Amino acid sequence: MSDNTFAKDIHKGLSAPLKHISSKYFYDDIGSGIFQDIMKMPEYYPTACEFEILSLQGQQIIDKLHFDQPFNIVEFGAGDGIKTRQLLKTLMDSGVEFSYVPIDISKKAIEELEANMLDHLPDLHIKPMIGNYFSMIEELASSETPSLFLFLGGNIGNYERNEANDLLTSFNQSMKPGDKLLTGFDLQKNPATIRCAYDDPKGITKAFNMNLLHRINRELGGNIKTNQFDFYSHYNPANGEVRSYLVSLVAQKIHLQRMDKCYYFEQNELIRTELSKKYTLKEIDEAAETSGFKVLEHFLDCKHYFTDSLWVKE
């Protein structure tokens, strides 16, 4: 992601009638570190649920792949890879031949992931890529090697419905018949459980959101006083959407030196930062069909909080 793209997107978002910052900008090196802390919170259940699925059901997932030659495992937004490592270890223990291709926009995250993976799995054939998956998927599409694509962690929930359909359709169009996609979906559940996961008592999620403002100051020469903003998160159980916001506590003007632009905030004006959609199994089936896939299996954790759903391009 170029600095110029960041600057353009921030200008567009802060100039809009309803201000917004894309959640993809959470994950600079500092933000990626804060997200590691989020994943360790007792209230944040998705990580543990998916870890359970990939640890205990890895062999069942492998049995559904039906690849008859060496293949790539291409992971978008790989993060620290701890969950994925469980699946990779099961594959290696089964003598399956594959190459692991993790992709992340953070160079630091990729370097740490590679070192960590090779520390635990020294014989792993790993070919990391740095960038966002929108640009990398085109490069991967030219390969003749069959692939299992991983889009884990419930990341699909960060997209509006039409954006999610577009992303899944673009995955489909870049895949060859027989390629598989294993996608993590956070499921609808007790609203109180979801609320606590996205507005934790220690304020780690707040720090994750506030880092967007710190990042603007660091990279764009902003003069934002972060103590003049607060964080608010809301879960709507009727549509399964968590919406997160930064709230301007006062009427204020901020200046971004690098662009020499000013932006004005009214008191209590919002900056929308994140959507995290929670799905039903029916909605997942519909998403697969809409984007041209067939569902092979939903692999659920024991609480039925989360699913890694395996799809195939026919």
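Values as computed for the structure displayed
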read-out	value
Residue under evaluation residue 64, criteria (1) of a type in the set (Lys, Arg); (2) touching a Gly at 6+ places or on another chain (Cβ under 9 Å); (3) under 15 Å from residue 308 (Cα atoms), criterion not met	(2)
Filter result for residue 241 (farther than 30 Å from residue 287 by Cα and either modelled with pLDDT of 95 or more or more than 23 Å from the chain's Cα centre (by Cα) (or both))	no
Residue check for residue 283: among the acidic types (Asp, Glu) and in contact with a helix residue (DSSP H, G or I) (Cβ under 7 Å, 6 or more places away or on another chain)	no
Considering residues of the stretch 256-298 that are open to solvent by less than 20 Å² (accessible area, probe 1.4 Å) and among the polar types (S, T, N, Q) only, the residue nearest to residue 4 (Cα to Cα)	273
Among residues of the stretch 40-60, those that are in contact (Cβ under 8 Å) with a residue 40 or more places away in the chain and open to solvent by less than 50 Å² (accessible area, probe 1.4 Å), counted	11
All positions within the stretch 128-148 that are open to solvent by 90 Å² or more (accessible area, probe 1.4 Å) and under 24 Å from the mean Cα position of the chain (by Cα)	134, 138, 139
Filter result for the condition that a residue is under 17 Å from residue 77 (Cα atoms), of a type in the set (Val, Ile, Thr) and touching a residue at least 60 places away in the same chain (Cβ under 8 Å), over 193, 183, 145, 169	183
Count - residues of the stretch 69-103 that are at pLDDT below 90, open to solvent by less than 20 Å² (accessible area, probe 1.4 Å) and of a type in the set (A, V, I, L, M, F, W, C)	3
Odd one out for residue 37, checked against (1) of a type outside the set (A, V, I, L, M, F, W, C); (2) touching a residue at least 40 places away in the same chain (Cβ under 8 Å); (3) part of a helix (DSSP H, G or I); (4) buried (at least 17 other Cβ atoms within 10 Å of the Cβ)	(4)
Selected residue (only one of 53, 73, 62 is farther than 27 Å from residue 218 by Cβ, part of a helix (DSSP H, G or I) and in contact with a strand residue (DSSP E or B) (Cβ under 7 Å, 6 or more places away or on another chain))	53
Cβ pairs under 6 Å, 6+ apart, first in the stretch 198-216 and open to solvent by less than 20 Å² (accessible area, probe 1.4 Å), second part of a loop (DSSP other than H, G, I, E, B)	200/41; 200/43; 212/21; 213/224
Residue 66 vs. criteria surrounded by fewer than 20 Cβ atoms within 10 Å (Cβ to Cβ) and either basic (Lys, Arg) or closer than 27 Å to residue 243 by Cα (or both)	no
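Condition check ((1) over 20 Å from residue 15 (Cβ atoms); (2) open to solvent by 20 Å² or more (accessible area, probe 1.4 Å); (3) aromatic (Phe, Trp, Tyr)) across all residues:
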site: 227; (1), (2), (3): yes, yes, no
site: 254; (1), (2), (3): no, no, no
site: 300; (1), (2), (3): yes, yes, no
site: 309; (1), (2), (3): yes, no, no
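The values are calculated or read from the model by the stated rules, or taken from the named source; none is laboratory data. Everything numeric in this text was worked out from a predicted model, so none of it was measured. With ideal geometry, Cβ positions are generated from the backbone for all residues, glycine too; neighbour counts draw on all protein chains shown. Keep in mind that these areas ignore ligands, DNA and RNA; they rest on the heavy atoms of the full protein, side chains included. Shrake-Rupley method; radii C 1.70, N 1.55, O 1.52, S 1.80 Å.
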